[in-house]
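> Quick one: the structure is below, and I'll ask about it shortly.
Readers should treat all values here as calculations from the given coordinates under stated rules, not as data from a laboratory. In this text, all values refer to a predicted model and were calculated from it rather than measured experimentally. Note that each Cβ is placed from the backbone with ideal geometry, even for glycine, and that neighbours are counted across all protein chains shown.
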Amino acid sequence: MSRLSSLAKVVRPLLLAGIAALALSACASNRGQLGNTDHGGIAASQGQSSLAELTERYRRNPRDRNVVINYAAALRAAGQSGQAAAALEQAITYSPNDVEIRIAYAKALTANGRFDQSLGVLDGVIRPDAPDWNALMVKGATLDQMGQNDQARALYAQAAVMAPGEASIETNMGLSYAMSNDLVTAEKHLRRAVQMRGATSQTRQNLALIVGLQGRFGEAKAIYAAELPPDQVESNMLYVRAMLTQQNRWDLIAKN
């Protein structure tokens with residue numbers, strides 16, 4: 001795997017965070033894999049108990065739009081994007097004109113690698129005269145994962161016009177540049193994001209990741225330390241160093 005594709009693989013799970021919160025957790029038990037909590041408004045600390053609770057609520061009332069959207073988000077966070085897509089596909093039969101359900105469905109399709117299908121859903125949602133900025137974000141994230149970074153950034157810029165000052169849009173713009181190995185530009189956007197409306201702890205952790213990948217370990221650790229307990233800080237720093245070691249990634253420090 002090339003250095004560029006390796007970095008893209010790391011950033012890819014973060015892109016859908018532009019539409020909902022996603023926590024970066026590089027724990028030693030899973031060799032530094034990125035664990036995300038994108039539960040559609042459910043606190044990350046609830047973890048798997050949230051999914052169990054939402055599963056029960058979904059079984060009781062699969063037509064409740066809020067339940068199904070949160071349930072699907074929790075499923076995606078647990079790596080069950082196919083199941084999430086199936087639940088939302090069923091929900092569309094109940095509420096065929098619900099834009100939020102369709103956007104959530106597109107997110108699940110993208111997370112499942114069904115990019116063309118996701119784009120088809122989004123193109124049916126996005127109105128040329130009044131586009132939904134969340135839909136633009138999901139389409140941008142999908143295009144980024146297809147390697148069409150310039151087109152994705154154009155959509156993020158359009159979304160920023162519709163929702164100026166929104167941290168999630170600036171975050172995705174930064175992650176898009178990280179996808180193409182431009183960590184300096186990525187950092188600039190993420191630094192703007194952490195100052196904007198809607199910035200979360202996860203936004204700042206994404207900044208820490210990009211700072212760390214440029215070899216500025218002390219600065220990255222300080223950002224993490226403001227957001228996480230000490231054991232998680234150390235785990236994340238081990239992950240950053242491991243990323244630089246893979247495929248001789250230390251040359252990124254000299255380049256950036």
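> Going by C-beta contacts inside 10 Å, put 162, 137 in order with the fewest on the left.
Neighbour counts put them in this order, fewest first: 162, 137.
> Step through the residues of region 74-80 one at a time and calculate ³J(HN,Hα) from phi using the Karplus curve (6.51 cos²θ - 1.76 cosθ + 1.60, θ = phi - 60°), rounding each to whole Hz and writing x for Gly and Pro.
5, 4, 4, 4, 8, x, 9
> Then there's this: When the Karplus curve 6.51 cos²θ - 1.76 cosθ + 1.60 is applied with θ = phi - 60°, which whole-Hz ³J(HN,Hα) does each residue of region 218-226 get, with x for Gly and Pro?
Calculated HN-Hα couplings, in order: x, 5, 4, 5, 5, 5, 4, 5, 6 Hz.
> Can you tell me how region 110-185 classifies by the Cα gyration tensor, rounded, prolate or oblate, using a/c under 1.5 as the rounded cut?
Verdict is oblate for region 110-185.
> Once the principal axes of the Cα atoms of region 57-122 are found, what is the range along each, listed largest first in whole angstroms?
Rounded to whole Å, the extents work out to 32, 27, 13 Å.
> Among 210, 169, 103, rank each residue by its count of other Cβ atoms within 10 Å, from fewest to most, as a rough exposure measure.
Listed from fewest to most nearby Cβ atoms, that is 103, 210, 169.
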